[in-house]
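Inspection log for the structure reproduced underneath, given as structure tokens.
The values are calculated or read from the model by the stated rules, or taken from the named source; none is laboratory data. No experiment lies behind these values; they were computed from the predicted model shown. Virtual Cβ from ideal backbone geometry, glycine too; neighbours counted across all protein chains shown. SASA here: full protein model, heavy atoms, side chains in, ligands and nucleic acids out. Shrake-Rupley method; radii C 1.70, N 1.55, O 1.52, S 1.80 Å.
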Amino acid sequence: MISIRLIARLDVKGTNLIKGIHLEGLRVVGDPQVFAQRYYEAGADELIYMDAVASLYGRNNLTAIVKHTAQNIFIPLTVGGGVRSIEDVKTLLRSGADKIAINTAAIQRPELITEVARQFGSQCMVLSIEAKQISNCRWEAYTDNGRERTGIDVVEWAKKGVALGVGEILLTSVDREGTRKGFDLNLNQAVAEAVSVPVIASGGMGAVDHLLEVIQVGKVSAVAMADVLHYDRLSLQTMRKAAIDRGIQIRTT
């Protein structure tokens with residue numbers, strides 16, 4: 001049995017940590033490096049940096065932030081947003097990233113997944129999926145921070161991604177993101193049961209029970225959270241204790 005990971009997600013615009021609802025209405029929270037250090041010291045298992053406006057520039061702008069973070073923080077770091085080529089991947093890995101999350105470019109050119117996996121290993125290739133529900137137990141994959149439709153079924157895309165070499169899936173529910181109403185359990189369960197790689201649930205965390213539900217019902221391997229950490233609504237220590245008390249095997253620090 002794997003140990004569940006608690007991951008802090010930091011969405012960044014320029015030099016600022018931001019947070020929105022449904023990936024929109026972005027508000028400045030503070031300095032991402034300060035928050036990253038705080039989460040590292042609080043016991044986060046991993047960090048995820050996402051460039052929230054990368055689609056506007058056609059490239060990821062987090063290199064400087066990633067370099068600084070990697071010098072001071074010693075847990076796995078996933079970076080995504082605007083990654084479109086092998087050269088983009090190389091740049092971020094050289095800056096200190098451990099894993100690279102790709103969404104838009106993978107949908108536009110699926111063979112990029114295989115290229116990244118072959119050159120850097122499947123463990124480096126994270127498929128970022130932004131999902132919106134379109135009917136009962138059906139979800140469509142979106143790009144450009146949840147703005148652009150693709151017509152692609154989320155579960156089928158997840159399975160194809162794994163077949164192409166994906167080592168992990170970052171699954172964001174656009175419908176639940178920033179709402180603090182809980183994860184889309186059906187979405188997470190559908191994807192987790194369809195693939196053989198770890199699934200990270202993202203979007204909706206608002207209470208300890210939400211964490212426990214998405215692990216036990218959603219069958220995910222990791223949980224990414226932002227709002228509850230940024231605004232001190234819950235501590236990682238509280239979440240970890242609740243999981244242990246429920247009999248969930250979770251990483252301890």
| query | Could you say which residue among Gly161, Gly146, Gly151, Gly80 is at positive phi and touching a residue at least 24 places away in the same chain (Cβ under 8 Å)? | reply | Gly146
| query | Looking at segment 123-138, which of its residues are open to solvent by 10 Å² or more (accessible area, probe 1.4 Å) and within 14 Å of Asp175 (Cβ to Cβ)? | reply | Glu130, Lys132, Gln133, Ile134, Ser135, Asn136, Cys137, Arg138
| query | Among the residues of segment 1-53, how many are modelled with pLDDT under 90 and of a type in the set (Ser, Thr, Tyr)? | reply | 1
| What helices (runs of 4 or more DSSP H) completely inside segment 51-127 contain at least 3 residues that are more than 21 Å from Pro198 (Cα to Cα)? | 54-57, 63-72, 86-95
